Amino acid sequence: MIREILRYPDPRLKQSAELVDNITGDLVQLVDDMVQTMYDAPGIGLAAVQLGIPQRIVVLDVNHEEPGKDLIKLINPVITSRVGEVLWEDGCLSVVDYTAEVKRAAKIEVKAWTPDEKEIVFQAEDLFAVALQHEFDHLDGKLFIDRISRLKKELYARRVKKLLREGRPLEPSRKGNPGI
Ligand SMILES: [Zn+2]
């Protein structure tokens, strides 16, 4: 089932997500819904918080040439190491029509659980690493616009307020790169 993706300034995007303590059938269903919603958007990553569900779950597929091949589903992910720095043009399914450069770690190591209760550890770099860090920020109630200058964020906030005042829907344009 495709679910609704919350858009900034929805306050639910600021929730800090809870650790998952039990992998139930409902949770597996939720993860499947997240995958469908991500591909439909279209996006390369999605956190449960973006659907208004404050649990530490992320799905990601940065390979949009072969959807499904590199799909990962992560429960309670943590970053266990960070190396280097990279500036990356970030965008978000929850932040309509806006991108900005954000500084992230260039390489990371991640530990997480999968929906079939396996513990996994893996390394990531480039877009994969950046997208993971972006999604993990969602789990802490943080958007990429919380990582840019206050001035830039204020200008964006004003633009969104104007759209809302004019009764225009906060729909992302379907052109350009898939969101995260
Ligand atoms: Zn996002």
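Observations on the structure shown:
- The string of couplings for the range 92-102 from the Karplus curve (6.51, -1.76, 1.60, θ = phi - 60°) is 7, 4, 9, 10, 6, 6, 8, 9, 7, 6, 10 Hz, one whole number per residue in order, with x for Gly and Pro.
- Calculated mean residue ellipticity, 222 nm, the chain: -8500 deg cm²/dmol, from DSSP H runs (n ≥ 4) at -39500 (n - 2.57) each, averaged per residue and rounded to 500.
- Helix 150-165 axis, angle to the chain major axis (alpha carbon atoms, nearest 10°): 70
- Positive-end residue, the chain charge dipole about Cα centroid, Cβ charges, pick of Gly167, Gly43, Leu30: Gly167
- Kirkwood Rh in Å, taken over the chain so that all alpha-carbon pairs contribute: 16.5
- In the range 98-180, the trypsin sites (Lys or Arg not before Pro) that fall in loop regions by DSSP, at most 13 other Cβ within 10 Å: Lys118, Arg174, Lys175
- Placing unit charges on each Cβ (+1 for Lys and Arg, -1 for Asp and Glu) gives the chain a dipole about its Cα centre, and among Gln15, Val83, Leu71 the Cα reaching farthest toward its positive end belongs to Gln15.
- Amide H contacts of Val20: Arg56, Asn76, each under 5 Å away and 5 or more positions distant or on a separate chain (H built 1.01 Å from N in the peptide plane; Pro and chain starts excluded).
- C-alpha long axis of helix 126-139 to longest principal axis of the chain, angle in °: 80
- Point-to-point label distance, His64-Lys14, nm (Cα→Cβ direction, 7 Å offset): 3.0
- Cβ-placed point charges (K, R +1; D, E -1), dipole of the chain about Cα centre in debye, nearest 20: 1100
- Cα centroid of the range 70-93 to Cα centroid of the range 116-176, whole Å: 12
- Pairwise label distance in nanometres, Asp146 with Ser81, each label 7 Å out on the Cα-Cβ vector: 2.8
- Here the extension length gained between Lys111 and Gln36 equals 24.6 nm, from 0.36 nm per residue of separation less the Cα-Cα distance.
- For the range 21-91, applying the loop criterion from DSSP together with a ceiling of 14 other beta carbons within 10 Å to the trypsin sites (Lys or Arg not before Pro) yields Lys69.
- Full extension of the chain between Asp21 and Leu155 gives 44.3 nm of extra length, using 0.36 nm per residue less the Cα-Cα distance.
- Net charge over other residues, Cβ less than 12 angstrom from the Cβ of Ile5 (K, R count +1; D, E count -1): -2
- Rel. contact order, % - alpha carbon contacts under 8 angstrom, at least six apart, the range 1-140: 25
- Set of lysines near Lys14 by C-alpha distance (under 28 Å), chain-local residues within fewer than 8 positions excluded: Lys73, Lys103, Lys107, Lys111, Lys142, Lys152, Lys153, Lys161, Lys162, Lys175
- C-alpha long axis of helix 25-40 to longest principal axis of the chain, angle in °: 50
Taken together, the values in this text are just the output of simple stated rules run on the coordinates, not laboratory data. Remember, predicted model here, so these are calculated numbers, not experimental data. All Cβ positions, glycine included, derive from the backbone under ideal geometry; neighbour counts span all protein chains shown.
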